[in-house]
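We did not get these values from a lab; they are worked out from the coordinates using the rules stated. The structure displayed is predicted, hence computed values, not measured ones. Heads up, the Cβs are rebuilt from the backbone with ideal geometry, glycines too, and the neighbour counts pull from every protein chain shown.
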Amino acid sequence: MNKRYYDNALGFGTRAVHVGNDVDAETGAVRRPITMANSYELPYDPTSMNWSSADGNLYTRNGGANQKYLQEKLASLEHGEDCVVLASGVAALSGLFFAMLKSGDHVVFSSVTYIAVYRLLNELFNTKFGVETTIVDTTDIEKVRAAIRPNTRLIHIETPGNPTLAISDIKTLAGLAHKHGALLSVDNTFASPFNQRPTELGADFTVESLTKYINGHGDAMGGAIIGRKEHLDIIRAQSQINLGGVISPFNAWLIMRGSVTLPLRMQRHNENALAVARWLREQPAVSFVAYPGLEDDPGYETAKKQMTKGFGGVLSFGLKADHDTHNRFVSELKIITSAVSLGHDESLIVFLGEDDERQYLYPEKFHNGFFRFSVGLEDKEDIIADLEQALKAVKPA
């Protein structure tokens, strides 16, 4: 690795292109190759080696070459000390919780989070490992303060939150956590490091689903945890090597390739989503729009402080319509695809109905069913035209 690219004074776009990449020593190629080996040559006398070590190249479960290149890049983009890349965003979340928590610990976590976090902390870690958990609206600092106990080890937030786009104040929550001897982890997937870097705001951990914006092409899965080396060494040993949640070399290479264009793509996602949110807000058939880039959104002022380059590419909205009309609306879309996930080049929409088990945790306007909409890279005029023709086709109230 050419050390000059570690200089964080270089721009985000420059680091997105260069960090983790170098000229291949063997071939002279200006892109590092995919190293698909699962094993690496041992030294003359391997008997003194630690077979569970992540130092050097030994076995791909201990860390492969492409994974290490990607970790260098992500640590730089997030302005973190170290990074561990795992097989998926959920592997990163569960790896963080597994390594950092023990029986008797207490966790405060956001009422609006990815479903896997709800499962892990509200169900699995409770029943299997005796970890106590409390669900809190983390947009309300006083509610978080009231939920903290002497044994609180971790506060976990997601901002913007999935799927309501709720905004939590990272800097204030980091100060609150540290005052009580706890750690703060932030799922930054909806924002991406282009728009928001939680470690700069005091968070101990940033978690990214690399599957989403950082890869950006809908063709690879991965997850990352960024933080201090003292913590990342524990996560690497326990959750990567001993649980085996390692990313494949091919996926690491694909994500590395996709990450180069992250700055350009996020600029377009930000611009398109804001334009779509503003258009939707003016439609009589739309019951609400949730997007932190709208000036009347409850999270706007906080988001403006911590999302320095834009408000992301995801929004949620509802129709003044019944359940079936929401589904018919999706069926009429021509450009926008009905699918889960987000952060792809193409626009993706998913209808979340009235029977979601976490509905009670969402604001009332979400209770009649709504759409989570990941606005893609298409021309914004075409995205809006597609929404408009679908609305005209179903004629909601």
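Out of GLY56, HIS156, LEU93, whose Cα points farthest toward the positive end of the dipole of the chain (charges: +1 Lys, Arg; -1 Asp, Glu; placed on Cβ)? The Cα lying farthest towards the positive end belongs to GLY56. Normalised size of the stretch 200-250, defined as Cα radius of gyration per 2.2 N^0.38 Å with N residues, equals 1.27. One quarter of the surface of the convex hull around the alpha-carbon atoms of the stretch 262-394 equals 7.9 nm², the direction-averaged projected area. Checking the Cα-Cα distances for LYS212/LYS304; LYS73/LYS102; LYS179/LYS305 against a 29 Å cut-off, the pairs over it are LYS73/LYS102.
For the peptides 86-92, 103-109, 317-323, 185-191, the ranking by mean Cβ contacts within 10 Å, running from highest to lowest, is 185-191, 86-92, 103-109, 317-323.
Among beta bridges identified by DSSP and lying wholly in the chain, the antiparallel ones come to about 55 percent.
Ellipticity at 222 nm from helices only: DSSP H runs of n ≥ 4 in the chain, each -39500 (n - 2.57), divided by the residue count, give -9500 deg cm²/dmol. Backbone geometry of the stretch 196-212 corresponds, through the Karplus equation with coefficients 6.51, -1.76 and 1.60 at θ = phi - 60°, to 3J(HN,Hα) couplings of 7, 10, x, 5, 5, 9, x, 5, 7, 9, 10, 10, 10, 7, 5, 4, 8 Hz, x marking Gly and Pro. Legend: calculated FRET efficiency, ASP55 to LYS102, from the Cβ-Cβ distance at R0 = 22 Å, rounded to 0.05, equals 0.30.
Measuring r between the beta carbons of LYS320 and ALA393 and using R0 = 22 Å, the FRET efficiency lands at 0.90. Protection proxy ranking, highest mean first, for peptides 22-33, 375-386, 264-275: 264-275, 375-386, 22-33, where packing is the per-residue count of other beta-carbon atoms within 10 Å, averaged. If the chain linking ARG149 and HIS367 were pulled fully straight, counting 0.36 nm for each residue of separation and taking away their Cα-Cα distance, it would gain 75.3 nm. For the stretch 3-259, the spherically averaged projection of the C-alpha convex hull amounts to 14.5 nm².
Couplings 3J(HN,Hα) of the stretch 65-71, computed from phi: 4, 5, 4, 5, 4, 5, 4 Hz, in residue order, whole Hz [Karplus 6.51 cos²θ - 1.76 cosθ + 1.60, θ = phi - 60°; x for Gly and Pro]. Size check on the stretch 160-252: the Cα extents along the three principal axes, sorted descending, read 41, 31, 20 Å. Taking a straight Cα-Cα cut-off under 22 Å and skipping sequence neighbours fewer than 8 places away in the same chain, the lysines within cross-link reach of LYS334 are LYS320, LYS380, LYS392, LYS395.
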